[in-house]
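Visitor: Please find one structure pasted underneath; my questions will follow.
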Amino acid sequence: MTNFVHATLIRAIRTIAQTGIALIGSSTVLHDVDWKIVLSGALLAGLLSILTSIAAGLPETPNKGLIDPDYSGLWTKGCDSK
């Protein structure tokens, strides 16, 4: 397993755990927890974490991801219309 994949999976697992804890904590009583919402919310957060790591890269790995932060792109060009 490459360093990038390993770091991405660690981030995704942490995100899933944090989201699950937050969603469980939002319930006033443990037996009122809607486990389907906790599971779906946590898995969605994990998927978003993985996609963000692929797109933007990770600071702890040399992989910059699909988005180059040094590229100014179309958003900054042409903003000063004369």
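Visitor: Filter region 28-58 down to the residues that are surrounded by 14 or more Cβ atoms within 10 Å (Cβ to Cβ), without any contact (Cβ under 8 Å) to a residue 12 or more places away in the chain and polar (S, T, N, Q) and list them by number.
Guide: Within region 28-58, Thr52 is the sole residue that qualifies.
Visitor: Does Ser49 qualify as being in contact with a helix residue (DSSP H, G or I) (Cβ under 6 Å, 6 or more places away or on another chain) and at pLDDT 90 or above?
Guide: yes
Visitor: Okay, moving on. Go through region 15-33 and count every residue that is more than 20 Å from the chain's Cα centre (by Cα) and either closer than 30 Å to Thr52 by Cα or part of a loop (DSSP other than H, G, I, E, B) (or both).
Guide: Number of matching residues: 6.
The values are calculated or read from the model by the stated rules, or taken from the named source; none is laboratory data. The structure presented is a predicted model; accordingly, all values stated were derived computationally and were not measured. Methodologically, a virtual Cβ is constructed for each residue, glycine included, from the backbone with ideal geometry; neighbour enumeration extends over all protein chains shown.
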